[in-house]
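Trainee: Take a look at this one; I'll ask things after.
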Amino acid sequence: MNVRILLIALCAAGCASSEREPSKAAAPAAPAPAAPGGEGASVSGLAESAIPKGGCGMVLWTLDEERPTPVFRYIVGKSAEMVLNGKQVKLVLAEATGSGGFGVFESQKFTADGGMTVNVQSRFSLGFDGGAYLERGVISVMTADGWKTVVPAAGIAGCRS
């Protein structure tokens, strides 16, 4: 329960829509190891994870060395992005199912050049002004050669004024 309270507090602090100085880039997360013997995907932290003013979307974090690290961002009507194998990758929404809000759904499938797919599943939780927390999230990255990397995540979906 303490981890959930910490995550809620961090999400709320990171989503405040008040005017402030732009945040410094987050320190990149230590990459997840690639699958042995294959070309699996290693996931690293995003340098920029904020939802832009006037936009709606989703940001997902994972824990790295006991601190949240943003690893996935989706801006509704635009693309999603992740850092995979050390490179920023743009992802295009291909499917969305399940309950939704703020342009985000419980299950979404994204594709990237080269045959890579990213499935994002999460569950909507407590709401806040302009958004909702996402819990029990899972990001599954499937490379073109069939290797799969699974990353547990939690975050937010919402709109920023």
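Residue-wise test of (1) touching a Pro at 6+ places or on another chain (Cβ under 6 Å); (2) free of Cβ contacts under 8 Å to residues at least 60 places away in the same chain.
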site	(1), (2)
P52	no, no
C56	no, no
V59	yes, no
R67	no, yes
Q88	no, yes
G98	no, yes
A112	no, yes
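Trainee: Go through region 106-129 residue by residue and tally those that are buried (at least 16 other Cβ atoms within 10 Å of the Cβ) and on the phi > 0 side of the Ramachandran plot.
Mentor: 0
Trainee: Mind checking which residues of region 144-161 are in a loop (DSSP other than H, G, I, E, B) and of a type outside the set (A, V, I, L, M, F, W, C)?
Mentor: D145, G146, R160, S161
Trainee: Could you tell me which of the residues A34, A41, A25, A29 is at pLDDT below 50 and crowded, with 20+ Cβ neighbours inside 10 Å? Give the derivation first.
Mentor: Details: A34 fails: crowded, with 20+ Cβ neighbours inside 10 Å; A41 fails: at pLDDT below 50; A25 fails: crowded, with 20+ Cβ neighbours inside 10 Å.
Of the residues listed, the single one that is at pLDDT below 50 and crowded, with 20+ Cβ neighbours inside 10 Å is A29.
Trainee: So E81 passes all but one of these: (1) farther than 23 Å from E48 by Cβ; (2) part of a strand (DSSP E or B). Which condition number does it fail?
Mentor: For E81, the failing item is (1).
Trainee: Same structure, new question: Go through region 108-136 residue by residue and tally those that are over 20 Å from V89 (Cα atoms), in a strand (DSSP E or B) and not charged (D, E, K, R).
Mentor: Kept after step one, since they are over 20 Å from V89 (Cα atoms), are these residues of region 108-136: 122-136.
Going one step further and asking which of them are in a strand (DSSP E or B), we end up with 122-128, 131-136.
Filter again for not charged (D, E, K, R), leaving 122, 124-128, 131-134.
Total satisfying the criteria: 10.
The values are calculated or read from the model by the stated rules, or taken from the named source; none is laboratory data. Since this is a predicted model, take the numbers as computed values, not measurements. Reconstructed Cβ throughout: ideal geometry from the backbone, glycine too, with neighbour counts over all protein chains shown.
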